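Reading through the structure tokens given below for one structure.
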Amino acid sequence: MSTEGAETSKSVNGNGIDNQGDKTTVQQNVKGATVRPGEARIKKEYLKVDYKPQLMEEFVSKDVKEKLDEAKSEKRKADEEDQGQGKPSKRVKVKGRNKKRPVNQINHKAKLCPSIFQEKICNFGDKCKFSHDVEEFVKNKPPDLGDVCLIFETYGKCPYGIACRFGVKHIDENNKNIVNEELFAKTSKEKKVSNTLPKELQVLLWKKRYNFDKANEIVKVIQDKVKQKLNTFSNKCAGRQVTKEQKGIVNAESQKEMSSSVSESVPKPEGGATESSIHSTEGGVTIKENDQIRIGGGVTDEEVIKLRPQEKKKIEFAGKSYLAPLTTVGNLPFRRVCKEFGVDITCSEMAMATNILNGQMSEWALMKRHVSEDLFGVQICGGWPDSLSRCAQLINEKVEMDFVDLNCGCPIDLVYKRGEGSALPGKLNKFEQIIRGMKSVLDVPLTVKMRTGIFQDKNIAHTVIPKLRDWGAAMVTLHGRSREQRYTRLADWEYINQCAEAADPMPLFGNGDILSYEDLDFHLKQTKVKGVMVARGALIKPWIFTEMKERRHWDISASERYDMLKRYTSYGLEHWGSDHQGVETTRRFLMEWLSFLYRYIPVGLLEQVPQKINERPPYYVGRNDLETLMASPSCLDWIKLSEMLLGPVPEGYNFLPKHKANAYK
């Protein structure tokens, strides 16, 4: 293949970004169209020539521009101060997020008190922050967006009453809510969404009166065993005099034996262990191993808590398609869309254990489950054995789910610095206590999602995963990048295969860069993984699950994709509400999804199939106006799409996507 205009060869990273300067190598495809590094190959007739997209900052309001400029100047000033004092800059540029992005808030006084349209007495009286003036609310209410209320048509009653933006058919002349009694009586018995937070339970959690005796007992036993083992080992090492050479070996042995606070063990032999069972060697203190005693000592699940009479639930994960728990965009309406396209396993967005224990309504909302999600898990994140064990007990008793997933891969600084997320695999003592404590209170499988390690050049997953298997994890999902890498570079599937071999017979799922059924087939054939988890690939094209099941490339039309967006907005209005706030919440999450969805390149436009996840689309025109609009990288065009589905945006509306990488220039 020939090249033109290339002065020097350049190295390109996994995202197609030039690592050696601003000049990029320009190649030609077989039809003569220029192809830049990291760009997908599109047929020449669809490429845009001399197209200059609008930058993200060019359409936001003046005050938002000022905030963005202020954030940049503060960062620049702080770096200059550090350099002036001879200090290296400690502030690492956050590449993945748009900081200080605009927030479109709704004034509380412009919102009608829920007690009005629910025909209840307001418990807050004069202190209520919402409006109680119905006439004023009706006068200032934005025009309806349509004459069909999905909630009313589905359930026979719209709980938003006069506040509904589709309320023409269920609001009478006196601004009262009309109810279809027959349909409402029928649907009220059907439970389509579970895992809501009852007020009684919330009050118990607020007042710290929920009974966590089971979890507390388990944590206490584990911690006592930890102290006992540490003290025993310290006492036996304290009386020994060793040379400097032996001291290094003793330290190595102690690290090996005490790498976990509560290591696997079998019950003591008949008659108990005697002092002669423990002897010293040149290398340090070891424990004699025979048929009854195993090296290291420790506690088993039987010692922690008596086995339940009922058998714990088991799930066959192997061979199933798995939608990753996606923060912000992996909400219930999006999961419903993916279920329609054939995904097998779904999981909630990451919920913080402490917020769940505090009865925080917004955190419990993340765990809601739709009836269509037949194999559903709840993902939680935390950093301490006591809080995670209590949270696991609470979820086990009050939440409908099939498994619990522990997040050990979140790379966000706020999470990592608290010792949670991707920090856990680096703290094996605490990690084991967490896994054993959670497993002991759960009647369902416990799975773990993690990264290859913390630092880019130091993979540790292959040493941690066998321990997870021994501690009782039912499955591990491995994202083929470290915390430090975030989403730069391609996922390391060779290392994922190494970890899959180390995990056997425990199933291990691989995660990273899956965008076609061919990617799936290649990794299943070349590695020992039992399945794959799809994350960004599902955001770019949710119908990937249909392609994976049917082993085909689906040249989905723009109208079919638009119908998918219509279903999503309908599910969003049902989930977040059909009032003004619900409409704008649906719009916000829709546009966050569009910041990924526009990356899809229709199969009929590609010169080389399939599209790779690290190949960004060049600027191109589609086969019709709608396809061209859906391919636009401009937030203004995403707003146009949202207006086609949810009506005009409010005055002064601004939007920037959460992730910078999803809105490149």
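Values computed for the structure shown
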| item | result |
| --- | --- |
| Selection status of Met350, hydrophobic (A, V, I, L, M, F, W, C), surrounded by fewer than 22 Cβ atoms within 10 Å (Cβ to Cβ) and within 20 Å of the chain's Cα centre (by Cα) | no |
| Some residue of segment 525-537 being closer than 28 Å to Leu150 by Cβ and outside the structural domain of Trp471 (by TED's automatic domain parsing) | no |
| Inter-residue pairs, beta-carbon under 6 Å, first within 21 Å of Lys398 (Cα to Cα) and in segment 429-441, second modelled with pLDDT of 95 or more and not in a helix (DSSP H, G or I), 6+ apart | Met438/Leu446; Lys439/Leu446 |
| Enumeration of residues in segment 399-417 that are surrounded by fewer than 16 Cβ atoms within 10 Å (Cβ to Cβ) and under 21 Å from Leu205 (Cβ atoms) | Glu400 |
| Candidates Lys640, Lys658, Lys665 - the one that is at pLDDT below 95, within 23 Å of Thr327 (Cα to Cα) and not acidic (Asp, Glu) | Lys658 |
| Test: Glu400 is within 18 Å of Thr327 (Cβ to Cβ) and touching a residue at least 24 places away in the same chain (Cβ under 8 Å) | no |
| Residues within segment 501-540 that are out of contact with any Gly (no Cβ under 7 Å at 6 or more places or on another chain), of a type in the set (Gly, Ala, Ser) and over 19 Å from Arg551 (Cβ atoms), tallied | 3 |
| Tabulated pairs, segment 599-628, first basic (Lys, Arg), second crowded, with 16+ Cβ neighbours inside 10 Å and not in a loop (DSSP other than H, G, I, E, B), C-beta under 6 angstrom, 6+ apart or interchain | Arg599/Ile540; Arg616/Glu39 |
| Some residue of segment 167-189 being surrounded by 12 or more Cβ atoms within 10 Å (Cβ to Cβ) and at positive phi | yes |
| Among (1) farther than 30 Å from Lys398 by Cα; (2) under 35 Å from the mean Cα position of the chain (by Cα); (3) part of a loop (DSSP other than H, G, I, E, B) - the single one Pro143 does not satisfy | (2) |
| Listing of helices (runs of 4 or more DSSP H) fully contained in segment 357-431 that carry 3 or more residues being among the small types (Gly, Ala, Ser) and out of contact with any Gly (no Cβ under 9 Å at 6 or more places or on another chain) | none |
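The values are calculated or read from the model by the stated rules, or taken from the named source; none is laboratory data. Note that the structure is predicted; figures quoted are calculated from it, not measured. No Cβ is skipped: glycine too gets one built from the backbone with ideal geometry, and neighbour counts run over all protein chains shown.
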